[in-house]
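Q: Following this message is one structure expressed as structure tokens.
The values are calculated or read from the model by the stated rules, or taken from the named source; none is laboratory data. Just so it is clear, the model here is predicted, and its values are computed rather than measured. Cβ sites come from the backbone with ideal geometry, for glycine too, and all protein chains shown count toward neighbours.
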Ligand SMILES: Cc1ncc(C[n+]2csc(CCOP(=O)(O)OP(=O)(O)O)c2C)c(N)n1
């Protein structure tokens, strides 16, 4: 050793929780959403002390989990931290939503320490029955993998859970007993390889698809949200470009690909909306589904008709061509293969996509549905992140023609009202350089409105629209008697919320006429500050799709 130099100090081994955080960092997680609690302090201490991972406190765990969901929709993956029992159970509905919607969220939760568990002690946040594995059991059906971490298992369990979350694009659950979390790791493991395709199955699937497309006189593509979840927007676009095929989009898949391109023909919503699109799609000799979920709200209340023998269904890890299934074919591989092999068609797209039409109403005119939706559509700019809530407003906006680069987000399958407000916050954290536009009904907003305070806390500048139509309009349209009291709400002064929630300097307005709305939109276009606009309409001012659902209750509920 040279004189004067200090002896090499052996770095202390990482603790269990540090190990997990380090690995989450390497897969791209730089923020953890959550609410603190004593059993989870070791996790939270490690987060605030770590470099490269930031703590993002939320108002409650449900909101934190929705925020993580919104973050993951933009960023690919997200993390959430809750405390034992009370915290994790508050988040579980949102985790179930992430499961349904294929959103990978790493749920890190604290637990009482091992001696407390071994003694079956009656401690806070338990049911008082000395049982400590109950909450993990409750979590299990809504995650694709779970583990209670120890120094011995942490390395390989972390690799397993990362691999599972990325394979299924679904949440995982990681519990840390408080004492164990801070013990040094005693294990090592290598990251697992991403899944690969079976070469023979891949070859057979691509032969079958190329053949079916070759024979098809007419064909089109339905690109879907599962491709987005797998980060495969670009490969889907490359396939569209190479094939020359037109594409349509289903409700929950909106903005999978840019809408301002010649190949886009419009929204396909079964028999409910654009008849020309339905006719074309359903008349095609071959329809290529790429990452589609055929749910009620994606299929226009099950009024779409896609003949299995004429469809190709590409999922994350398998392909179906007609009635034949090709297992172990990765979506990424089949898209690459098809892009190379497909014969390009040079045909004019059969349909020009519809837009919401011209802006109607002015001055003191009331804000009708015809006045509202074209104005909102016109407000959206390229690269906006548009977060839309379950309810009549998303049903209106889904039929706007979006500018390129704009992404539309909606919790179409799980459909929990209250998701959109915190999800918009999470999306804004994930992409602080993009404008986030939140459109929510006031009924939904009442569930999670406190999270508006977090935007300001982090200096984020969203544009928030709260549609106030005096109640749960979509429910009025679906239930037996629209005027039943269960669809009424307490009337809040929505536009005063930002002030009460500490959002100083925001532009706020309550608009009841087209003229006021236009003024507010003008102000909100100035990007120097956040905006929160309460848009007041008549009680039954519903978007066309919401009206159609009203008329299609029978097929929606399979009666
Ligand atoms: C967590 C949860 N609770 C209840 C429902 C049932 N539900 C679906 S839509 C809706 C009303 C939405 O009302 P609002 O946000 O005001 O939008 P509108 O339809 O009036 O535009 C309700 C209560 C749900 N989907 N999720």
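Q: Report yes if residue 471 is in contact (Cβ under 8 Å) with a residue 24 or more places away in the chain, away from the ligand (no atom under 16 Å from the Cβ) and either within 30 Å of residue 556 (Cα to Cα) or assigned to a loop (DSSP other than H, G, I, E, B) (or both), otherwise no.
A: Spelling it out, it is not the case that residue 471 is in contact (Cβ under 8 Å) with a residue 24 or more places away in the chain, away from the ligand (no atom under 16 Å from the Cβ) and either within 30 Å of residue 556 (Cα to Cα) or assigned to a loop (DSSP other than H, G, I, E, B) (or both).
Q: Restricting attention to segment 481-493, which residues are over 15 Å from residue 540 (Cα atoms) and away from the ligand (no atom under 14 Å from the Cβ)?
A: Answer for segment 481-493, where residues must be over 15 Å from residue 540 (Cα atoms) and away from the ligand (no atom under 14 Å from the Cβ): just 493.
Q: Further question on the same structure: Where in segment 125-217 are the helices (runs of 4 or more DSSP H), entirely inside, with at least 2 residues that are touching a helix residue (DSSP H, G or I) at 6+ places or on another chain (Cβ under 7 Å) and closer than 26 Å to residue 45 by Cα?
A: So the answer is 134-139, 154-168, 178-181.
Q: Does residue 245 meet the test of being in contact with a strand residue (DSSP E or B) (Cβ under 6 Å, 6 or more places away or on another chain) and surrounded by 24 or more Cβ atoms within 10 Å (Cβ to Cβ)?
A: yes
Q: Oh, and also: So residue 321 ticks every box in (1) surrounded by 14 or more Cβ atoms within 10 Å (Cβ to Cβ); (2) over 30 Å from residue 164 (Cα atoms); (3) touching a helix residue (DSSP H, G or I) at 6+ places or on another chain (Cβ under 7 Å) but one. Which box is left unticked?
A: The number of the failed condition is (2).
Q: Among the numbered conditions (1) surrounded by 21 or more Cβ atoms within 10 Å (Cβ to Cβ); (2) touching a helix residue (DSSP H, G or I) at 6+ places or on another chain (Cβ under 6 Å); (3) more than 24 Å from residue 295 (Cβ to Cβ), tell me where residue 465 comes up short.
A: (2)
Q: Here is a list: 432, 382, 403, 482. Which entry is in a loop (DSSP other than H, G, I, E, B), modelled with pLDDT under 95 and surrounded by fewer than 19 Cβ atoms within 10 Å (Cβ to Cβ)?
A: 482
Q: Mind telling me which of the residues 126, 109 ends up being in contact (Cβ under 8 Å) with a residue 12 or more places away in the chain and out of contact with any strand residue (DSSP E or B) (no Cβ under 8 Å at 6 or more places or on another chain)?
A: Unique residue meeting the criteria: 126.
Q: Looking at segment 218-336, what helices (runs of 4 or more DSSP H) fall wholly within it and have at least 3 residues that are closer than 25 Å to residue 197 by Cα?
A: So the answer is 225-229, 233-243.
Q: Among the helices (runs of 4 or more DSSP H) lying completely within segment 494-552, list those that include at least 1 residues that are crowded, with 17+ Cβ neighbours inside 10 Å and away from the ligand (no atom under 16 Å from the Cβ).
A: 497-500, 514-525
Q: Looking at (1) over 14 Å from residue 205 (Cβ atoms); (2) buried (at least 22 other Cβ atoms within 10 Å of the Cβ); (3) at pLDDT 95 or above, can you tell me which one residue 300 breaks?
A: (3)
Q: Scan segment 409-429 for residues that are more than 9 Å from the ligand (Cβ to nearest atom) and surrounded by fewer than 24 Cβ atoms within 10 Å (Cβ to Cβ) and jot them down.
A: Within segment 409-429, 412, 413 qualify.
Q: Another question, then. Out of 54, 22, 88, report the one residue that is crowded, with 21+ Cβ neighbours inside 10 Å and over 20 Å from residue 411 (Cα atoms).
A: Of the residues listed, the single one that is crowded, with 21+ Cβ neighbours inside 10 Å and over 20 Å from residue 411 (Cα atoms) is 88.
Q: If you don't mind, another one. Being without any contact (Cβ under 8 Å) to a residue 40 or more places away in the chain and away from the ligand (no atom under 16 Å from the Cβ) narrows it down to one residue among 329, 319, 342, 325; which is it?
A: That would be 325, the only listed residue that is without any contact (Cβ under 8 Å) to a residue 40 or more places away in the chain and away from the ligand (no atom under 16 Å from the Cβ).
Q: So in segment 443-458, with the set limited to residues that are within 10 Å of the ligand (Cβ to nearest atom) and crowded, with 24+ Cβ neighbours inside 10 Å, which one is nearest to residue 423 (Cα to Cα)?
A: Ranking the qualifying residues of segment 443-458, first place goes to 448.
Q: Any residue at all in segment 350-371 that's in a helix (DSSP H, G or I), in contact with a helix residue (DSSP H, G or I) (Cβ under 8 Å, 6 or more places away or on another chain) and surrounded by 14 or more Cβ atoms within 10 Å (Cβ to Cβ)?
A: There is at least one residue in segment 350-371 that is in a helix (DSSP H, G or I), in contact with a helix residue (DSSP H, G or I) (Cβ under 8 Å, 6 or more places away or on another chain) and surrounded by 14 or more Cβ atoms within 10 Å (Cβ to Cβ).
Q: For segment 376-399: of the residues being within 16 Å of the ligand (Cβ to nearest atom) and over 21 Å from residue 292 (Cβ atoms), which is nearest to the chain's Cα centre (by Cα)?
A: Taking the candidates together, the pick is 387.
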